[in-house]
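> So that we are looking at the same thing, I have put the structure below in structure tokens.
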Amino acid sequence: MEEFHLSLSQCVVLRYHWIGPFVRSLKERLAAFHRFFCVADQVKVYTNQNKTRTFIGLEVSAGHFQLLELVSEVDRVLEEFDLPTFYKDPSFHISLAWCVGDLTGRLDGQCLRELQDIVDRFEDSSLLLRVQWEEIRCKSGNKYFSFPLR
């Protein structure tokens, strides 16, 4: 992957004429947030809601509170446009790999433990798994909008 990301909302469909007001509202709500660090170091298996894709990700173990605060503000913007908000108990994570189908049964257990051992033994893991949040990005179609944190 060229760039990893951590989602703060579900994927939603924005009508074209909503994009400008949506982005302005996000900018206002996120303006007060300061930069922070989070650590993503716990290997976990995820599926999408339809169970048509399985993901291996690194779950956030530090910075969860700050991410919840960001989600709260993003949710308020989504509510302004009558769009679905984020999951009630989110598991913040960075997806590393995915495949088609629900393979959680095959990946849980021994496989998951082996992947966690690889992450734990990786030389630079303490540096690579620590992420500084300097901005929030919103993607709409082929356009990206960036909101720097203070």
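> Based only on Cα atoms, what mean projected area does the convex hull of the chain have, in nm²? Display every interim value, and only then the final one.
Numbers: hull surface 38.8 nm².
For the chain, the mean projected area of the Cα convex hull comes to 9.7 nm².
> Something else now. When a/c reaches 1.5 or more, the comparison of a/b and b/c decides; with that in mind, is segment 101-150 rounded, prolate or oblate per its Cα gyration tensor?
Details: a/c = 4.51, a/b = 1.58, b/c = 2.85.
In terms of gyration-tensor shape, oblate.
> Right, something else. Accessible area per residue of the chain at 1.4 Å probe, in Å²? Please report the intermediate quantities before stating the final value.
Values: 10110 Å² over 150 residues.
I get 67 Å² per residue for this part.
> Would you mind working out the magnitude of the charge dipole of segment 1-125 relative to its Cα centre, with +1 at each Lys and Arg C-beta and -1 at each Asp and Glu C-beta, to the nearest 20 Debye? Could you put the intermediate results ahead of the total?
Numbers: 13 positive and 19 negative charges, 77 e Å.
Roughly 380 debye for segment 1-125.
> Could you tell me what percent of the accessible area of the chain is made up of carbon and sulfur, with a 1.4 Å probe and every protein chain present?
Carbon and sulfur atoms account for 52 percent of the accessible area of the chain.
> For the chain, calculate the relative contact order in percent as a whole number, restricting contacts to Cα pairs under 8 Å that are 6 or more residues apart.
34
> Got a sec? Charge dipole of the chain, +1 on Cβ for Lys and Arg, -1 for Asp and Glu; which of LEU30, PHE55, THR104 is way out at the positive end?
Result: LEU30, furthest along the dipole toward the positive end.
The values are calculated or read from the model by the stated rules, or taken from the named source; none is laboratory data. No experiment lies behind these values; they were computed from the predicted model shown. As a convention, Cβ positions derive from the backbone with ideal geometry for all residues, glycine included, and neighbour counts pool all protein chains shown. The protein model used for the area step is the full one, side chains on, heavy atoms only, and it has no ligands, DNA or RNA in it. Shrake-Rupley method; radii C 1.70, N 1.55, O 1.52, S 1.80 Å.
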